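Presented below is the structure to which this report refers.
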Amino acid sequence: MTLEIRTAGPEEFLAVVTPIMHYFGRKPTPEFTERFAPILPPDRMHAAFDDGNVVGSGSVFPFETSVPGGFVRAAGVTLVGVLPTHRRRGILRGLMRAQIDDVHERGEPMAYLWASEDALYGRFGYGIASFSGNVEVPRERSAFYRDFEPAGTVRFLEREEAVEPFMEIQRRAAARHPGMFVRTREWWESRRLADPEWAREGGGEQVRALLELDGRPAAYALYRLHFSAERGIPNGFTNVIEAVGDSPEATRGIWRFLLDIDWMARVRAALLPRDHELFLLLREPRRLMFDQRDGLWVRLVDLEAALNARTYKPGEPVVVEVADEFCPWNEGVWELGPEGASRSTGEPELRLDVSALGSAYLGGFTFGELARAGRIEVLREGALDRADALFRSDRYPWCPEIF
Ligand SMILES: CC(C)(COP(=O)(O)OP(=O)(O)OC[C@H]1O[C@@H](n2cnc3c(N)ncnc32)[C@H](O)[C@@H]1OP(=O)(O)O)[C@@H](O)C(=O)NCCC(=O)NCCS
């Protein structure tokens with residue numbers, strides 16, 4: 001095997017995504033290029049070639065991602081795959097090496113991803129950074145805990161007219177939700193509002209609904225109806241692809257609209273964060289049947305730049321010793337304080353792997369939780385509380401789509 005790992009050229013686009021598409025049981029078609037070319041620069045696609053043939057690849061979407069108190073340039077890792085003919089020969093490791101070095105050189109402080117399998121990325125310094133989950137609620141058990149008077153108006157939009165208002169709402173929402181990347185126009189057009197037949201899973205066409213409050217765009221929903229009935233009694237469901245409001249009032253409004261769509265027996269939604277408003281809005285939250293699993297995985301590629309891109313709550317500094325086998329430039333002793341992170345000559349009070357910092361970075365896990373699981377070694381009493389006071393985030397991480 002003569003293996004070469006390098007970035008792709010534009011003409012290699014389809015060949016490069018072949019390995020991951022193999023696992024979806026399909027060959028990439030030109031439609032795939034249409035969907036991905038506007039948002040995935042070829043020089044962000046790394047591929048492994050065996051005798052000139054692509055046998056593995058991994059790519060990166062260049063994102064601007066929300067972190068507590070700000071935004072950071074982030075590498076959204078995607079489309080990772082190695083053909084079964086070449087598995088377990090270190091090709092994923094080689095791709096991750098090339099990719100992370102490239103991300104580092106480009107000055108993107110953080111990388112993050114959704115993992116196909118949760119055992120894969122810890123070895124490369126990624127830490128589990130959030131849980132997210134699915135809900136399915138019978139409509140007749142979906143009342144809010146108290147009467148709700150809907151405000152504003154909801155109307156349906158064609159794809160082209162949805163782009164502007166949805167983009168505006170999502171930008172405002174992203175600022176409040178760590179982990180959410182700001183969607184560009186191209187992303188809306190070629191990804192989120194695309195409605196290919198194969199993605200419908202038996203449901204109807206994608207519906208785009210806009211809630212306006214006082215005449216301005218305040219919330220949107222993307223959903224599809226899966227109609228079915230038995231002996232005339234409906235047993236289909238509304239599948240909420242995504243519902244986002246730019247204020248608590250707007251979020252309540254769009255969800256009441258979705259839960260009240262007639263003729264459907266149930267309402268389903270996926271990838272909701274643990275702190276979603278619905279849990280406290282419903283009179284019977286148990287009926288949501290919330291079913292959660294690991295969501296985002298975060299890798300601090302440039303620890304100092306990443307930690308300085310977010311804000312902290314007031315508090316006392318804490319000195320931590322970080323191990324980072326895959327990116328040794330992050331290793332050493334750091335002081336974390338209300339102003340951010342800097343190298344320190346102080347005595348370490350906590351000892352941890354960079355993956356644990358990735359878990360805490362967006363605010364999804366506390367240092368206390370990580371220490372209780374043995375992922376942080378406590379060298380001085382009180383240090384965990386100080387770290388947690390600094391890193392506390394107002395919202396739980398949320399990314400409403402798998403990229
Ligand atoms: C997962 C996948 C990319 C691994 O590629 P690979 O080239 O076989 O991986 P490597 O040989 O480089 O293995 C790197 C390390 O990961 C481990 N590993 C690889 N796949 C693993 C899996 N599915 N579960 C647990 N560990 C795994 C290897 O044992 C090796 O461990 P080491 O660091 O201790 O030596 C490949 O099996 C694949 O394409 N799977 C299907 C698609 C997929 O899941 N893609 C990921 C999308 S997020």
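Values in this text are rule-based calculations from the coordinates and carry no lab data. Model, not experiment: these values are computed from the prediction. Note: ideal-geometry Cβ built from the backbone for every residue, glycine included; neighbour counts use all protein chains shown.
Taking each residue of segment 183-201 that is at negative phi and looking for partners that are among the hydroxyl-bearing types (Ser, Thr, Tyr) with beta-carbon atoms closer than 7 Å, six or more apart or interchain, yields nothing. Might you let me know whether segment 353-373 holds any residue that is within 17 Å of Thr65 (Cβ to Cβ), of a type outside the set (D, E, K, R), touching a helix residue (DSSP H, G or I) at 6+ places or on another chain (Cβ under 8 Å) and not in a helix (DSSP H, G or I)? Within segment 353-373, one or more residues are within 17 Å of Thr65 (Cβ to Cβ), of a type outside the set (D, E, K, R), touching a helix residue (DSSP H, G or I) at 6+ places or on another chain (Cβ under 8 Å) and not in a helix (DSSP H, G or I).
The strands (runs of 3 or more DSSP E) falling completely within segment 182-292 that include 3 or more residues that are farther than 18 Å from Glu140 by Cα and in contact with a helix residue (DSSP H, G or I) (Cβ under 6 Å, 6 or more places away or on another chain) map to 207-213, 216-226, 237-245. May I ask you to list the residues in segment 4-33 that are touching a residue at least 24 places away in the same chain (Cβ under 8 Å), of a type outside the set (Gly, Ala, Ser), over 16 Å from Phe61 (Cβ atoms) and more than 16 Å from the ligand (Cβ to nearest atom)? Residues satisfying the conditions are Arg6, Pro10, Glu12, Glu31.
Give, as residue ranges, the strands (runs of 3 or more DSSP E) completely inside segment 108-176 that count at least 2 residues that are without any contact (Cβ under 8 Å) to a residue 60 or more places away in the chain. Before you say what the answer is, go through the steps one by one.
On the way: elements: 110-114, 131-138, 153-156.
Fully inside segment 108-176 and qualifying: 153-156.
All conditions in (1) assigned to a loop (DSSP other than H, G, I, E, B); (2) surrounded by fewer than 17 Cβ atoms within 10 Å (Cβ to Cβ) hold for Phe326, with the sole exception of (2).
So if I check each of Gly70, Gly76, which one is within 26 Å of Lys27 (Cβ to Cβ) and either crowded, with 18+ Cβ neighbours inside 10 Å or in contact (Cβ under 8 Å) with a residue 24 or more places away in the chain (or both)?
Details: Gly70 fails: within 26 Å of Lys27 (Cβ to Cβ).
One residue alone meets the criteria, Gly76.
Take the residues in segment 81-115 that are within 7 Å of the ligand (Cβ to nearest atom) and crowded, with 19+ Cβ neighbours inside 10 Å, then tell me which one is farthest from Phe181 (Cα to Cα). Here the residue is Ile91.
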